[in-house]
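Single-structure report; data block below.
Every read-out reported here was derived from the displayed coordinates using simple, explicitly stated rules and does not represent laboratory data. From a predicted model like this one, the values you see are computed outputs, not experimental measurements. Every residue, glycine among them, receives a Cβ derived from its backbone with ideal geometry; neighbour counts consider all protein chains shown.
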Amino acid sequence: MLSNKVKNLIKFKKFNVPKFKYYSVLKWTNNKNNILAGINKNFKERVVIRSASVDEDTAFTNAGKYTSVLSVNSSNKDELELSINKVIDSYNIDQKYKNSFIVQNMIVKPKISGVIFTKDPNSGFPSTIINYSKKRSTDLITSGSESGNQIIYFNHKKVKLNNKLIITLKTNIDKILKFSKKKNFDLEFCIDKNNNFILLQCRALKINNKVKYDLNNLYQNYYYFYRKLKKVLPSNNFLHGNRTFFSTMTDWNPAEMIGLKPKQLTYSLYQELISNDVWSQSRKELGYKDVQGFPLIKIFLGTPYIDIKADFNSFLSDDLENKIQKKLINYYLSEFYKKPYYYFDKIENKLVFNSISFSSDHILKKIKRKTNLSSIEISKIKKTYLKITNNLKNKIKNEINKYKALDKNIDLITKNKKEHPINKINYLILSMKKFGTLPFSNLARMAFVSVSFLDSMVDKKIISEKEKFEMIKNNLNFSKKSIGLLKQGKKKKFLQIFGHLRPSTYDITSKNYREGFNIYFGSNIYKNTKKNIKTSFIFSKNQKKLISQEIKKNNLNFTFKTLIKFISTSIYSREESKRVFSKGIDQIFLQIKKLANKIKVPYEDFAYINIQSLVGLYNNFDTNFIKHKFIKEIELNKKIYKKNLMFKVPDVILNAEDIFFYDQSATKGNFLGFSEITKKPILIKDFSKHIDLKGKIVCIENADPGYDFIFSQNIAGLITAYGGPNSHMCIRCNELSIPACIGIGKSTFSNIVNASMITLSCDKQKVEIIE
């Protein structure tokens, strides 16, 4: 019986398929020597021994299920026999003799190789996805050894491509589709040293979603967006820089915090509490440039994007001359354009100079080398940011007092029985902005500066990377506090402090810990909770001396003791202030639920209401008017949300054409710890029932503070698609010594979650699919 894999190779032989022969396992068993002689006669170079099972390339592709062996010496009978048996041994025993194996010429050192999906396999969206690697091996992508780069282009005849590689691949893809008369394919390919397209494998693509897309309607919407981008990318506002870019993960990380397709209440609440004005007010208060009046986030086709130019400007200072500010902005924009998928989630610690650390001179030398800034201008930059850094120490106590005041304000507002829920929502928002998200924003900036100090200690070899983690675990015990309460069986106390937290903090439909305790933590919570980690990191006398010398050398207004206290206090207070203001969000949702109950509208429908619609009704309690207004808005926004779900857009927009096609370089991710673990990955996205996470590598697309419940289950490791080096989950994994890769990128993440076993190597900084 010929497998579909063999049939496809025969059918598509005209598309430059490398020379191959196929043999049944039964014939191999009965006539091994003749087959080896035939291989030796027909193949003069190195070959690949591929699997060809009857259950491959059927309704389920089972791609990668069975073994293939690359680069086998075709003239060495022992090596051939060993490799063929290795492939056969990977088959299921009951079907062993129904199967075949393929011997195929090996393409040595291709220019690029990879996999092509002619539609999005998860959604059926009409875009071609090309995962490729430029390394000299044809199986790096298919084996999962490397995630590679990803090209995506929209499948419409009016889309004009200007990339030679994409044009070459598209030309060959179109020929294959026309020849086969089928719509969806999964193709393995390479481009050889002579720029020839070579087809290695061809199989029907299984689409998991049966949604039908109107291609022309989609194109019209994309084209409208394209025209809008043409106008907004050459940014002509009063900020420095003559253009901007957009990113889903820069600075305030909307992809991580509210997701790529948030509902209206989610993103409007995030904008109201943070990204409209609080973010810029915070920067101004800490001594950075005044960019108030410039919202940080724009929503394109339902996806939130950070305005890169506004963000870069916010890290400048009005104490710097305009010409210096312009030079810095031009440098930042130029560097971001060169490596967008490297910088898009780490601009604060890898690109934008924003505070003084022990590594500042080295960083400024690099900036001077890459710009036309003079030595005098560099000196002014250092002096300006030294002032900002030194002033932080004097502000931290005031910010802590603010968020402590918020805790009391929330109770006062919510316990007032005379006020209508709409008034309470308004009061909560006003109080949270002043005493919640603003001090949190300031403390988050201070915590970032603190981490920069720690990183610079590592750079200067004062402490090791391991000692840095030990110091974090020793001094910052936010995680230990929550897990300790569960370990002691103090459920009531735990819920009193943490019961308001919920996965997806800004989503009203997500249950908080109080409502979904058994779902999140399970019935064996006290038995399974990880023991407190004992640490005893103490700086040595020599380390104290070296740190003191660096403080003096950089003219910092700290002593060794005050610096370490600032580091510890700022990082802990960032997490504590986040806990407090998220309590306010929980109370806003509670008031919305009360309002929904009053007007007899399901509270879940309020996920489609813009928060401004609620705020705008302050002191207006005409029940019939409110109900009619909300029902109308909900119906409209549900349609808009559903429509926006269809649109696939890049994580970074540099040019207007990027919405039609883009090359998304692989995101490396932020690896934490030094362990190597091989475990089963488990994807978390449904909270309808409890999931046992013990001993597994947990995978979450975007994990905000509400996902802290996973750390109560002794997980083996954590991988997220989105998240920067200073994200919430990085802090948690550092505190609890959990191996992790935070922000690995959505393309690699998609491959990982579909694997049955993976290896997370934090020391080697890689994630590998095992099977």
Legend entry - Flagged links, alpha-carbon separation over 31 Å, of Lys11/Lys164; Lys593/Lys639; Lys402/Lys668; Lys98/Lys193; Lys284/Lys490; Lys327/Lys544: Lys402/Lys668; Lys98/Lys193; Lys284/Lys490; Lys327/Lys544
Legend entry - Backbone HN-Hα couplings from phi across the range 593-599 [Karplus 6.51/-1.76/1.60, Hz, Gly and Pro as x]: 5, 5, 5, 4, 5, 4, 9
Legend entry - Under Karplus coefficients 6.51, -1.76 and 1.60, residue-wise ³J(HN,Hα) of the range 465-470 in Hz, glycine/proline x: 4, 5, 5, 4, 5, 4
Inset, instruction - Extending each Cα 7 Å along its Cβ direction at Asn33 and Asn237, get the distance between those two points in nm, one decimal. - result: 8.1
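Below 8 Å between Cα atoms, with a sequence gap of 6+, how large is the relative contact order for the chain in percent? The partial results should precede the final answer.
Working: 1345 pairs, mean separation 103.8, N = 771.
Result for the chain is 13 percent.
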Legend entry - the range 610-717 shape via C-alpha gyration tensor axes, a/c threshold 1.5: oblate
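Using the per-residue mean of other Cβ atoms lying within 10 Å as a proxy for protection, in what order, highest first, do the peptides 93-99, 247-253 fall? Mind dumping the intermediate values first?
On the way: 93-99: 13.4, 247-253: 25.3.
The peptides rank, most packed first, as 247-253, 93-99.
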Inset, instruction - Give the label of the value calculated from the structure for Kirkwood radius over Cα pairs in Å, choosing from (1) 28.0; (2) 28.7; (3) 29.7. - result: (2)
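Which trypsin sites (Lys or Arg not before Pro) from the range 366-453 combine a DSSP loop assignment with at most 11 other Cβ atoms within 10 Å?
Values: sites: Lys366, Lys368, Arg369, Lys370, Lys380, Lys382, Lys383, Lys387, Lys393, Lys395, Lys397, Lys402, Lys404, Lys408, Lys415, Lys417, Lys418, Lys424, Lys433, Lys434, Arg445; in loops: Lys415, Lys417, Lys418.
Counting only loop positions with at most 11 other Cβ atoms within 10 Å, the trypsin sites (Lys or Arg not before Pro) in the range 366-453 are Lys415, Lys417, Lys418.
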Legend entry - Helix axis angle, 438-459 relative to the chain longest principal axis, alpha carbon, degrees: 60
Legend entry - trypsin sites (Lys or Arg not before Pro) restricted to DSSP loop in the range 160-268 with at most 14 other C-beta within 10 Å: Lys160, Lys181, Lys182, Lys183, Lys193, Lys206, Lys210, Lys212
Legend entry - Distance in nm between pseudo-label sites at Arg46 and Ser464 (7 Å out along the Cβ direction from Cα): 3.7
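Sequence gap at least 6, Cα distance under 8 Å: using those rules, report the relative contact order of the range 244-319 to the nearest whole percent. Walk me through the numbers on the way to the answer.
Values: 109 pairs, mean separation 30.2, N = 76.
RCO, the range 244-319: 40 percent.
Using only the Cα atoms of the range 661-769, build the gyration tensor, take square roots of its eigenvalues as a ≥ b ≥ c, and label the shape rounded, prolate or oblate: rounded if a/c is under 1.5, else prolate if a/b is larger than b/c, else oblate. Mind dumping the intermediate values first?
On the way: a/c = 1.31, a/b = 1.22, b/c = 1.07.
Judged from the Cα gyration tensor, the range 661-769 comes out rounded (a/c under 1.5).
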Inset, instruction - Using Cα positions and a limit of under 19 Å, work out the lysines in reach of Lys231, with same-chain residues fewer than 8 apart set aside. - result: Lys298, Lys309
Inset, instruction - Pull up all non-local amide H partners of Leu683: gap of 5 or more, or a different chain, and H-to-H distance under 5 Å with H placed in the peptide plane. - result: Cys699
Inset, instruction - Quick one: angle between helix 421-432 and the longest Cα principal axis of the chain, in degrees between 0 and 90, rounded to 10, please. - result: 90
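Past 29 Å, Cα to Cα, is the threshold; run Lys263/Lys338; Lys206/Lys511; Lys487/Lys511; Lys212/Lys346; Lys13/Lys183; Lys175/Lys638 against it and keep the listed order.
Values: Lys263/Lys338 33 Å; Lys206/Lys511 34 Å; Lys487/Lys511 22 Å; Lys212/Lys346 37 Å; Lys13/Lys183 19 Å; Lys175/Lys638 40 Å.
Distance filter (> 29 Å) returns Lys263/Lys338; Lys206/Lys511; Lys212/Lys346; Lys175/Lys638.
Summing -39500 (n - 2.57) over the DSSP H runs of n ≥ 4 in the chain and dividing by its residue number, what mean residue ellipticity at 222 nm do you reach, to the nearest 500 deg cm²/dmol?
On the way: 28 runs with 345 residues, N = 771.
-14000 deg cm²/dmol, from helical runs alone.
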Inset, instruction - Working from Cα positions, state the angle (0 to 90°, nearest 10) between the long axis of helix 478-487 and the longest principal axis of the chain. - result: 80
Legend entry - Relative contact order (%) - the range 661-769, alpha-carbon pairs under 8 angstrom, separation at least six: 37
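To the nearest 0.05, how large is the calculated FRET efficiency for Asn401 and Lys212 if R₀ is 60 Å and r is the Cβ-Cβ distance? Mind dumping the intermediate values first?
Numbers: r = 57 Å, r/R0 = 0.95.
It comes to 0.60.
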Legend entry - Length released on extending from Leu412 to Lys490, taking residue separation times 0.36 nm less the Cα-Cα span: 25.5 nm
